[in-house]
Amino acid sequence: MLQAFYTGLSGMFSFSDNLSTVSNNIANMNTPGFRGGENFYKSLSFSEGSYGTQIDSLGYRFTAGDIRQTGNATDLAISGNGFFTLLKDDQQFYSRAGQFVFNDQGELVDRTSGAAVAALDSNGQLQKLDISGLKVLPPKATTSVSLSGNLSSEMSEHSINGVVVYNGLGEATELKLTFSKSATVAGSWTVTVKDTDDNTLHTAELRFNTDGSPTDGFNAFNFELEDSRGNKTPVAFDFGTGFGKTTSVASGATSTIKAKVDDGYALSDLQQISFTADGALVLKYANGEEKSHLRLAISDFSNKDALELVEGSLFRSKDNASLTLGRAGEGSLGKIAPQSLELSNVDLSKEFADMIIIQRGYQASSRMLNVANQMLEQLYENTRGR
């Protein structure tokens, strides 16, 4: 009979612990990336003379939560399988909460824990996603200019204005190309390259065959663009071969030839960042240039029971044998939903149902103590006069 007290008390303790788990689930129903917890009971061994129950372990539900757009460039969610991989104190952690921000050192970190978000380099090695050295785009010299269109054989002169090229220091020079038809050599043109001060920088000969296609050996030229320190950068002007780019046929007083600068830009500041569905960080600079950086490292586990909650929404693995490490969209790993957050996977209706069951179980266990107490009182009553 006395055992009934301890059996009922074990039920009350277990249901009380379970209520704490349900309370925590409900309290975090709006916490991004939160995984709902669930207690597992076990019966105490009859063979060892124990009765009742106790909480055996705490598990987590890893079903996906709803994804909601936030508009913040560094808010990320995973659509599908996997966890973000985070680095802190020489340890790896895993989370579905993508509330990230760049800190003062230029590292992408978890907003709440401060753990660094990991990416995979070209060798598949984990490293912090760091843009400290990418906030300014170094200048790049122009190396080639492509020309296309028709240079009318019925004209004697034609000009192309506003061809902007960059030297090795990123200094811009606006060029003017003037085409002057030769009066003595058929299909021959003199190309003069000038700057905005009308200084002649270079001259070259351009020739066309009788069918209007560029003549090999006279379909390109190079000149050296000088910067303010006296250094020179070679720039190649290409008119193409065959009828692929430039031609010279009769078209009256209309020429359609135009120049396209293939590369080169000035020093430029980072203006905008974004992430793609495959987890690549894209950096956009003020001059319009875009650079793709590292891709986020995504981890998944075939044995999710090996994950233990450390703090907030951070998990740590007790069994790395089941770990799959890769990039978003590879194999079974999910894709990135940019400018979005995954909400908690807590189902409020299920929590309320569990709460009712816990309440009834706690009430019944409490009633068991009351009945055992009444039986003891009855026993004492029956033996009082003896």
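The values are calculated or read from the model by the stated rules, or taken from the named source; none is laboratory data. Since this is a predicted model, take the numbers as computed values, not measurements. Every residue, glycine among them, receives a Cβ derived from its backbone with ideal geometry; neighbour counts consider all protein chains shown.
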- Item | The lone exception for residue 383 - which of (1) within 18 Å of residue 126 (Cβ to Cβ); (2) over 33 Å from the mean Cα position of the chain (by Cα) it fails | (1)
- Task: Considering every residue within the stretch 324-342, establish whether at least one is without any contact (Cβ under 8 Å) to a residue 24 or more places away in the chain and touching a helix residue (DSSP H, G or I) at 6+ places or on another chain (Cβ under 7 Å).
- Result: no
- Note on the structure: Here, strands (runs of 3 or more DSSP E) confined to the stretch 1-102 with at least 2 residues that are modelled with pLDDT under 90 and farther than 30 Å from residue 277 by Cα are 37-43, 53-60
- Scan the stretch 290-299 for residues that are loosely packed, with under 15 Cβ neighbours inside 10 Å and either touching a residue at least 24 places away in the same chain (Cβ under 8 Å) or over 17 Å from the mean Cα position of the chain (by Cα) (or both) and jot them down. 291
- Checked pairs for the stretch 258-279, first farther than 30 Å from residue 101 by Cβ, second among the aromatic types (Phe, Trp, Tyr), C-beta under 6 Å and 6 or more apart or across chains, list as 264/166
- Message: For the condition among the polar types (S, T, N, Q) and not in a loop (DSSP other than H, G, I, E, B), what is the one hit in 161, 123?
- Response: 161
- Which is free of Cβ contacts under 8 Å to residues at least 40 places away in the same chain and more than 30 Å from residue 269 (Cα to Cα), of 304, 318, 284? 318
- Item | Residue that is surrounded by the most Cβ atoms within 10 Å (Cβ to Cβ) [pool: residues in the stretch 93-120 that are touching a residue at least 24 places away in the same chain (Cβ under 8 Å) and either more than 19 Å from residue 76 (Cβ to Cβ) or of a type in the set (Val, Ile, Thr) (or both)] | 117
- Message: For the condition closer than 16 Å to residue 32 by Cβ and among the β-branched types (Val, Ile, Thr), what is the one hit in 101, 136?
- Response: 101
- Query: Among the numbered criteria (1) in contact with a Gly (Cβ under 9 Å, 6 or more places away or on another chain); (2) at pLDDT 95 or above; (3) not hydroxyl-bearing (Ser, Thr, Tyr), which single criterion is violated by residue 177?
  - Reply: (1)
- For the stretch 285-329, enumerate the residues that are closer than 11 Å to residue 82 by Cα and either acidic (Asp, Glu) or modelled with pLDDT under 90 (or both). 300, 304
- Might you check whether a residue that is exposed (fewer than 13 other Cβ atoms within 10 Å of the Cβ) and either under 19 Å from the mean Cα position of the chain (by Cα) or under 30 Å from residue 318 (Cβ atoms) (or both) occurs anywhere in the stretch 262-277? yes
- Note on the structure: The strands (runs of 3 or more DSSP E) lying wholly within the stretch 295-377 that contain at least 3 residues that are closer than 28 Å to residue 41 by Cα and of a type outside the set (A, V, I, L, M) are 314-317
- Item | Checking residue 72 against (1) under 23 Å from residue 316 (Cβ atoms); (2) out of contact with any Gly (no Cβ under 9 Å at 6 or more places or on another chain); (3) assigned by TED's automatic domain parsing to the domain that holds residue 280, the condition it does not meet | (1)
- Just give me the residues in the stretch 352-386 being charged (D, E, K, R) and at pLDDT 90 or above, in sequence order. 360
- Within the stretch 176-192, restricting attention to residues that are within 52 Å of the chain's Cα centre (by Cα) and free of Cβ contacts under 8 Å to residues at least 40 places away in the same chain, which residue is nearest to residue 241 (Cα to Cα)? 190
- Item | Residue among 126, 147 that alone is closer than 30 Å to residue 243 by Cβ and in contact (Cβ under 8 Å) with a residue 24 or more places away in the chain | 147
- Message: Please count how many residues of the stretch 172-193 are of a type in the set (D, E, K, R), within 17 Å of residue 146 (Cα to Cα) and surrounded by 16 or more Cβ atoms within 10 Å (Cβ to Cβ).
- Response: 1
